[in-house]
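Student: One structure is given below, represented as structure tokens, and several questions about it will come after.
The values are calculated or read from the model by the stated rules, or taken from the named source; none is laboratory data. Because the structure is predicted, anything quoted here is derived from the model rather than measured. Cβ coordinates were reconstructed from backbone atoms using ideal geometry, including for glycine residues, and neighbour counts include every protein chain displayed. Only protein heavy atoms, including side chains, enter the accessible area calculation; ligands, DNA and RNA are left aside. Shrake-Rupley method; radii C 1.70, N 1.55, O 1.52, S 1.80 Å.
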Amino acid sequence: MTFDPDAVPARPATARELRQARRRADNRREHFAAKRAAAATAQARASVAWDQWRALLRDLPEAEAERLAEEIAAALARQIDHMTTLQGDRP
């Protein structure tokens, strides 16, 4: 879902639509909190965090989402380089 900060909605959101949006946000928070609580290992917690990050990223304005994605991509690249070095893939 792309967000255009300059786009003007066709009409203001109704009170019902706002309640539904709040309920969806609350449900998402509860869903990921339960998944984090159930995660028994660091790898499982990382997987849950990644899923939540991706879900939240879709709701951000495109420029902010791109900035955050660049930060994560750089951090992942550093870890991947480190991991492949540990496995002997590099001299």
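Student: Could you please find all residues in the stretch 55-69 being under 12 Å from the mean Cα position of the chain (by Cα) and either part of a loop (DSSP other than H, G, I, E, B) or among the small types (Gly, Ala, Ser) (or both)?
Tutor: Across the stretch 55-69, the qualifying residues are Ala55, Arg58, Asp59, Leu60, Ala65, Ala69.
Student: Of (1) of a type outside the set (Ser, Thr, Tyr); (2) surrounded by 10 or more Cβ atoms within 10 Å (Cβ to Cβ); (3) closer than 27 Å to Ala69 by Cα, Leu18 satisfies all except one. Which?
Tutor: Evaluating Leu18 over (1) of a type outside the set (Ser, Thr, Tyr); (2) surrounded by 10 or more Cβ atoms within 10 Å (Cβ to Cβ); (3) closer than 27 Å to Ala69 by Cα leaves (3) as the failure.
Student: May I pose another question? Considering every residue within the stretch 65-77, establish whether at least one is touching a helix residue (DSSP H, G or I) at 6+ places or on another chain (Cβ under 8 Å) and closer than 19 Å to Arg24 by Cα. Break it down into steps so the answer makes sense when it comes.
Tutor: Quick first cut of the stretch 65-77, residues touching a helix residue (DSSP H, G or I) at 6+ places or on another chain (Cβ under 8 Å) only: 65, 68-69, 72.
This time we only want the ones that are closer than 19 Å to Arg24 by Cα, so: none.
No, that holds for no residue.
Student: Based on this model, can you work out whether Ala40 counts as among the aliphatic types (A, V, I, L, M), at pLDDT 90 or above and part of a helix (DSSP H, G or I)?
Tutor: no
Student: Another question, if that's okay. Tell me which of these Ile72 doesn't satisfy, since it passes every other one: (1) open to solvent by 60 Å² or more (accessible area, probe 1.4 Å); (2) in a helix (DSSP H, G or I); (3) hydrophobic (A, V, I, L, M, F, W, C).
Tutor: For Ile72, the exception is condition (1).
Student: Separate question: Among the residues that make up the stretch 45-54, is at least one of them more than 13 Å from the chain's Cα centre (by Cα) and on the phi < 0 side of the Ramachandran plot?
Tutor: yes
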